[in-house]
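Chemist: I have a structure here, written as structure tokens, and I will follow up with some questions on it.
Bear in mind these aren't lab numbers, they're just calculated from the coordinates by the rules spelled out. Just so it is clear, the model here is predicted, and its values are computed rather than measured. Neighbour counts are summed over all protein chains in view; Cβ atoms, including those assigned to glycine, are modelled from backbone coordinates with ideal geometry.
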Amino acid sequence: MRHPLNRASTRALPEPPTLTGRGLALLLAAAVLSGCSGSLLSRATPTPTALPPTPTPTPEPMAALVNGEPIPLAEYHEEVARFEAAQAELGIDPATLGDYRSGVLQALIDRLLLIQAARREGIQLEAEAVDRRVQALAAELGSPESLASWLTASGYTTASFTAALAAEVLAAQMVEQITAAIGDDAEQVHARHILVATQAQAESLLAELQAGEDFAELARAYTLDLSTRPAAGDLGWFPRGYLLVDEVEQAAYTLPPGTVSGVVQSALGFHIVEVLDRGERPLTPDAQRRLREKAVEDWLAAERRAASIEVYVAP
């Protein structure tokens, strides 16, 4: 069971919908043809009189500009509408979720940062992976016809679904590269703690420990962490980046086994930490997932700091 010091599972990157390689090729071909048709016609149709000047295209409204690459306002509005519809299906009023629109925009910005990095790294879109996801989604919905109905109900055209799917797959490939170094084993610490509300009480308990009182007995009697109280404050084994309270994790990784920390303050209160053991151990599935999430979170945070990001929609 996870307890208050463990990180609650963050939302995993959504499993993207999929697109056939043929569909992607058709989309790209259509883009090329639409982009070239005007110039080809003007060269092939000479006229003795001057043609009126070609109107300057009106720039497409943008929700954000990321390293010079736009996120169209229409795409942002569509994603907001899909988010609201998904919450409604769950019986959740989006108005209770705070500034969810900024969260939707941030997800689009993060995806674009991943895609831009994938291009820099020379990662190519895996058409087979896209095709597999289309087939899986159609199978899940029951038939290709059901998939077409789902696209309509979800506010997608074939082209917008194709583009969104290709983007998600490329972003997912970059995520795999970011997290590739996380293996099945990692250095971990086995520790326990006592959490109390005041520094004075923590210092009093620390004095009792230094005088020879049993850590387990004091934890069962005084800790405010109810989820670990039955286990005498035991936090179990955990790798770096796993605990919710960074101060406790830092203390645990600073101490050698068999030693007790001083008073450690966090947002939860005042802790005393004891390290029981340390070593290389297999990661639990939960810990491995958390380390992967953290690797992506840290990477995105660094990319945001380095990127040029302009936002054009109000929160």
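Chemist: Label region 157-198 by shape, choosing from rounded, prolate and oblate, from the square roots a ≥ b ≥ c of the eigenvalues of the Cα gyration tensor; if a/c is under 1.5 it is rounded, and otherwise prolate applies when a/b is larger than b/c, oblate when it is not.
Modeler: Verdict is oblate for region 157-198.
Chemist: Using a basic spin-label model with each label point 7 Å from the Cα along Cα→Cβ, how many nm lie between Y312 and T284?
Modeler: Between Y312 and T284, the label points sit 4.7 nm apart.
Chemist: Now a separate question. Take the Cβ-Cβ distance between H77 and T254 as r, set R0 to 45 Å, and report the resulting FRET efficiency rounded to the nearest 0.05.
Modeler: Plugging the Cβ-Cβ distance into 1/(1 + (r/R0)^6) gives 0.40.
Chemist: For Q177 and S227, compute 0.36 nm times the residue count separating them, minus their Cα-Cα distance, and round to one decimal in nm.
Modeler: Full-extension gain reported as 14.4 nm.
Chemist: Continuing with the same structure: Measure off 7 Å from each Cα along the Cα-to-Cβ vector at A200 and S102, then give the distance between these two points in nanometres to one decimal.
Modeler: Placing both labels 7 Å along Cα→Cβ, they lie 3.9 nm apart.
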